[in-house]
Amino acid sequence: MKTPCIAACKNNGGICSGCHRTMAEILNWSKMDDNQREEIMNKLSGEQTTHACPECGEANHCDIAAGKETCWCFEVEERELDKKHNICLCRKCLESKALV
Ligand SMILES: [Zn+2]
């Protein structure tokens, strides 16, 4: 089974600071099919992207922008964000913010 896990897992407010998956993505990983896993890997690597992160400019993926009803960022603990951005931060930038 493919996995982005680099054996440096640390739960950082709902995001793994090693592989940047959400805890829900990690917990459900073994139940997903190959296509679902591939899709998440592509989002993590920036191959599948909807916009650039407003802070670092890296490729980011918002599931809502892609037409889904929920986004991976709903699963993580709320962060202190300055409200000037109205598009989602990437996983790495979100991880670096203080928890509310
Ligand atoms: Zn970013």
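The values are calculated or read from the model by the stated rules, or taken from the named source; none is laboratory data. From a predicted model like this one, the values you see are computed outputs, not experimental measurements. Cβ sites come from the backbone with ideal geometry, for glycine too, and all protein chains shown count toward neighbours.
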Of the conditions (1) over 13 Å from the mean Cα position of the chain (by Cα); (2) without any contact (Cβ under 8 Å) to a residue 40 or more places away in the chain, the single one that residue 60 does not satisfy is (1)
Would you mind stating whether residue 42 is in contact with a Gly (Cβ under 9 Å, 6 or more places away or on another chain), among the polar types (S, T, N, Q) and without any contact (Cβ under 8 Å) to a residue 40 or more places away in the chain?
-> no
If you go through region 74-100, how many residues are within 9 Å of the ligand (Cβ to nearest atom), within 16 Å of residue 23 (Cβ to Cβ) and among the aliphatic types (A, V, I, L, M)?
-> 1
Hey, residue 58 surrounded by 13 or more Cβ atoms within 10 Å (Cβ to Cβ) and within 16 Å of the ligand (Cβ to nearest atom) or not = yes
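Here's the yes/no breakdown for (1) buried (at least 18 other Cβ atoms within 10 Å of the Cβ); (2) of a type in the set (A, V, I, L, M); (3) touching a residue at least 40 places away in the same chain (Cβ under 8 Å); (4) within 15 Å of the ligand (Cβ to nearest atom):
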| site | (1), (2), (3), (4) |
| --- | --- |
| 18 | no, no, no, no |
| 22 | yes, no, yes, no |
| 27 | no, yes, no, no |
| 32 | no, yes, no, no |
| 51 | no, no, no, yes |
The number of residues in region 49-100 that are modelled with pLDDT under 95 and of a type in the set (Ser, Thr, Tyr) is 2
